[in-house]
Amino acid sequence: MILALLACLPAQSLPLVPDRGPEPLPFFQQTDLFALGLEGVHTYRIPALCVTQAGTILAVCDARQDNSSDLPGNIDIVLRRSTDLGATWSPISTVQDLPPGHGAGDPSVLVDRVTGRIHCFYAYGPPGVGFFSSQPGSNDVFDQNTLHAHVVTSDDDGLTWSAPTDLNPQIKDPAWSALFASSGHGIQTRGGRLLQPYAVRRSNGTVSARNAYSDDHGLTWQMGSDAGLNVNESKLIELDNGAILQNMRHNSVPARFTALSIDGGVTFGPMTQDATLIDPRVNASIQRYSSVVDGDPSSLVLFTNPASTVARQNMTVRMSRDETLSWPISRAIHVGPSGYSSAVVLPDRSVGLFYERGASSSFEEITFARFNLEWITEEQRVIGANGLPNGAHPDFWAWFDAADLVGPSPSRWDDRTEAAAHHLARSTDGPFTWLQTAINGLPAASSNGNADLWGAAGVGGEFQTLPNGYTLFAVVRVNSVNGTEYVFDRATGAGGVGLRVTPSRFEIHAA
């Protein structure tokens, strides 16, 4: 009899070699800053994060007073500050508090490294006005039928904020139905230009991503051209070659799309899909960590989002070492429900991430996590405590899930991130029987014959196209063997890998 616990993992990239100095220890820590019901607020959503010139972390978000919905509604912009790299935080303070019926939502922050001024962009909605109910018309700052692009500023490290400036007269075409700042953060280019992404809805319903830009430190603003169509919230970085890369949420495709600008984020070339960056249609974060152009030993870019195509779950950080051409390194941060995120590089070169998460919903908390590159690239244990799979392992491909058993037989091969159905092939000369628990509570397959087992490809499933390199992982318990028994058999077309057991030995062979 053979009991097999099976898993399939993509090949794990080698950890980065530290650029200089002794190798720091990996660390990860996090604190929930906002939670359902805190201070009487129904729901906190839409994280925005920045670090001031003085090194203070500002964590900004929506305080949705009455429900979890977007504008229109009674929504304020609130803030917590940390001056010690996130170890302690100030009480909640208000960036923008509007009368009942009016709302301010979707904050995005941008720090001018020259002046030190902090800009906080948000959408102002008059009573009954949100992104999809907003109407085209005049750009009058008193227009009560359209959504307004507001910005407030702080010159004292986020302690106080200016009165709002309405940017509609400067950046909104009166024919557009609506626009709002993509939440999270904007960037400042090496040349000093301020760039803040916006989503625009035309009167025909088409939604696009664009950038507002300022070359006079925010005194005046202009609006650029479309970076892509049928996309909305976006983030951007400046590449080593000076081009601006826009990373965009698509309205219908569960993946990120990008476009390049060679004129500072004003006009863009064709939009293309980044197949690696799967995305459940959510606002994500892309952040430059280092650049050889800026004098760093290497050029690294980080990307965070819920790495799934079917649900807002599995918040993951990815790393690119080739200017976003590939993303070979990743690590799961929160495998449960998770949503929007905003990442920054902190003064000590650790990474700060402000992201939505929860146990049953991504709206339950907004959490600040702090970790270093060594944590991202740490070689993790696939098998954790008591022999159980480590569900936080970024490259753990799949496993049998006892929770999916229906009666005496399992219904699915369960994928960690998407719970996609993969029916199991069983040979006729000795079909497997299925045990809900075997060793340490793990589900297992039991065979009393010469049986073959493999995960059959499903439409869009992970086993339809495996990575170029991967590892087969199996734990086999042998009670008794009569002749030769196969767990994997390359002769069956099960992937070119065989594992067989005889009374005297076991063999692993590959085509």
Taking segment 68-110 only, how many residues are more than 22 Å from PHE363 (Cβ to Cβ), in a strand (DSSP E or B) and among the acidic types (Asp, Glu)? 0
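Of the residues ALA59, ALA87, which single one is surrounded by 24 or more Cβ atoms within 10 Å (Cβ to Cβ) and either over 27 Å from THR304 (Cα atoms) or of a type in the set (A, V, I, L, M) (or both)?
Values: ALA87 fails: surrounded by 24 or more Cβ atoms within 10 Å (Cβ to Cβ).
Within the list ALA59, ALA87, the selection yields ALA59.
Can you name every residue in segment 36-67 that is part of a strand (DSSP E or B) and of a type in the set (D, E, K, R)? Even if it seems obvious, please write down each step before you answer.
Our first condition is that a residue be part of a strand (DSSP E or B); within segment 36-67, this holds for 43-51, 57-64.
ARG45, ASP62, ARG64, listed by residue number.
Here is a yes/no grid of residues against (1) within 20 Å of the chain's Cα centre (by Cα); (2) buried (at least 22 other Cβ atoms within 10 Å of the Cβ):
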{"position": "LYS235", "(1), (2)": "yes, yes"}
{"position": "ASN241", "(1), (2)": "no, no"}
{"position": "VAL266", "(1), (2)": "no, no"}
{"position": "ASP274", "(1), (2)": "yes, no"}
{"position": "VAL292", "(1), (2)": "no, no"}
Would you mention how many residues in segment 276-334 are of a type in the set (Val, Ile, Thr), modelled with pLDDT under 95 and not in a strand (DSSP E or B)? 2
Quick check on segment 136-158: of everything there that is assigned to a loop (DSSP other than H, G, I, E, B) and of a type in the set (Ser, Thr, Tyr), which residue is most open to solvent (accessible area, probe 1.4 Å)? SER138
Scan segment 172-191 for residues that are farther than 27 Å from ARG288 by Cα and open to solvent by less than 30 Å² (accessible area, probe 1.4 Å) and jot them down. LYS172, TRP176, SER177, ALA178
Could you check VAL310 against (1) out of contact with any Asp or Glu (no Cβ under 7 Å at 6 or more places or on another chain); (2) open to solvent by 50 Å² or more (accessible area, probe 1.4 Å) and say which number it fails? (1)
When residues of segment 362-376 are filtered for being in contact with a strand residue (DSSP E or B) (Cβ under 7 Å, 6 or more places away or on another chain), open to solvent by 20 Å² or more (accessible area, probe 1.4 Å) and farther than 30 Å from ALA63 by Cα, how many remain? 1
Residues of segment 212-270 being in contact with a strand residue (DSSP E or B) (Cβ under 8 Å, 6 or more places away or on another chain), assigned to a loop (DSSP other than H, G, I, E, B) and polar (S, T, N, Q), which ones? THR220, SER225, ASN230, ASN251, THR267
Single unsatisfied condition, GLY101 versus (1) of a type in the set (Gly, Ala, Ser); (2) at pLDDT 95 or above; (3) open to solvent by less than 50 Å² (accessible area, probe 1.4 Å): (2)
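If you scan segment 337-361, which residues turn out to be among the small types (Gly, Ala, Ser) and over 28 Å from ASP84 (Cβ atoms)? Give the derivation first.
Of all residues in segment 337-361, those among the small types (Gly, Ala, Ser) come to 338-339, 341-343, 350, 352, 358-361.
Within segment 337-361, ALA359, SER360, SER361 qualify.
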So ALA123 ticks every box in (1) part of a strand (DSSP E or B); (2) surrounded by fewer than 23 Cβ atoms within 10 Å (Cβ to Cβ); (3) within 25 Å of the chain's Cα centre (by Cα) but one. Which box is left unticked? (2)
Within segment 320-338, which residues are open to solvent by less than 10 Å² (accessible area, probe 1.4 Å) and free of Cβ contacts under 8 Å to residues at least 60 places away in the same chain? SER320, SER338
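With VAL109, VAL95, VAL51 as the choices, which residue is under 20 Å from SER162 (Cα atoms) and touching a His at 6+ places or on another chain (Cβ under 8 Å)? Break it down into steps so the answer makes sense when it comes.
Numbers: VAL95 fails: touching a His at 6+ places or on another chain (Cβ under 8 Å); VAL51 fails: touching a His at 6+ places or on another chain (Cβ under 8 Å).
Result of the check over VAL109, VAL95, VAL51: VAL109.
The values are calculated or read from the model by the stated rules, or taken from the named source; none is laboratory data. The structure displayed is predicted, hence computed values, not measured ones. Here Cβ is always computed from backbone atoms with ideal geometry, including for glycine, and neighbour counts include all displayed protein chains. Just so you know, the surface numbers come from the protein's heavy atoms only, side chains and all, with ligands and any DNA or RNA stripped out. Shrake-Rupley method; radii C 1.70, N 1.55, O 1.52, S 1.80 Å.
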